[in-house]
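Okay, so here's the structure we're looking at.
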Amino acid sequence: MFIFQRSRATFRHRTRIPVGLALFALNGAGAALAGEAPTPCASDPTFSQQDFVLGHWAVYTAGKKTAEVRLEKALNGCAIRETWTPVDAKPGNGLGLFTYSRLLKKWGYFWVADTAQTTAFMGDAQGKNKMLYVTEAPLANGGKRLRHWTLALQPDGTVQELSVGTNDGSTWTTEYELMWHKLSD
């Protein structure tokens, strides 16, 4: 009994500040202090910066269809849910989640696939209809690989998905380039 009470008291003491910060973050910048409700995501234009990717898309690599991807608003416009399906029932099915953090003033993206691949990115809008996400991955030699991943609406209505990376900060190589063609909204 003593251990439980002590643990609970320690837990209560250690979580006061983070819980307060979490409530502040959830309520938006200053809204918690002012007693105001945060602007709903669906009414905040920042949460619409990536709407150009919404819909059902056929994905092509070097002119060959390799997958389909569906992106749709979720959680009252606070997130975009991605469902990735390779053609011919190949491995590589995945789920992604995009959202904007009012606290960090950045977009975030988390990806998980049936091949056990996961990654997380932070990003920003690069003007209208272009998003740039960045992540770092550890290398076997102890270094890090910096990766830039972009989604950009093209003049013909397709979306270019481009991933480039560098191990040394100066030599960038293309990891892959995909073109998305709209199937439906």
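What the table shows:
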{"quantity": "Cross-chain or 6+ apart pairs with Cβ under 6 Å, region 136-154 first and touching a residue at least 60 places away in the same chain (Cβ under 8 Å), then in a loop (DSSP other than H, G, I, E, B)", "calculated": "L153/N129"}
{"quantity": "Strands (runs of 3 or more DSSP E) within region 87-160 that include 1 or more residues more than 21 Å from G55 (Cα to Cα) and within 11 Å of the chain's Cα centre (by Cα)", "calculated": "94-101, 106-113, 118-125, 130-138"}
{"quantity": "Subset of region 104-124 [exposed (fewer than 15 other Cβ atoms within 10 Å of the Cβ), touching a strand residue (DSSP E or B) at 6+ places or on another chain (Cβ under 8 Å) and of a type in the set (G, A, S)]", "calculated": "A120"}
{"quantity": "Residues satisfying the stated conditions in region 43-86, i.e. surrounded by 14 or more Cβ atoms within 10 Å (Cβ to Cβ), part of a loop (DSSP other than H, G, I, E, B) and in contact with a Ser or Thr (Cβ under 9 Å, 6 or more places away or on another chain)", "calculated": "G77, C78"}
{"quantity": "Meets criteria (modelled with pLDDT of 95 or more and over 15 Å from F98 (Cβ atoms)) for T166", "calculated": "yes"}
{"quantity": "Filter result (farther than 19 Å from W107 by Cα and touching a Phe, Trp or Tyr at 6+ places or on another chain (Cβ under 7 Å)) within region 138-163", "calculated": "T158"}
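The values are calculated or read from the model by the stated rules, or taken from the named source; none is laboratory data. Just so we're clear, the structure is a prediction, and the values are computed from it rather than from any experiment. Neighbour counts run over all protein chains shown; Cβ positions are idealised from the backbone, glycine included.
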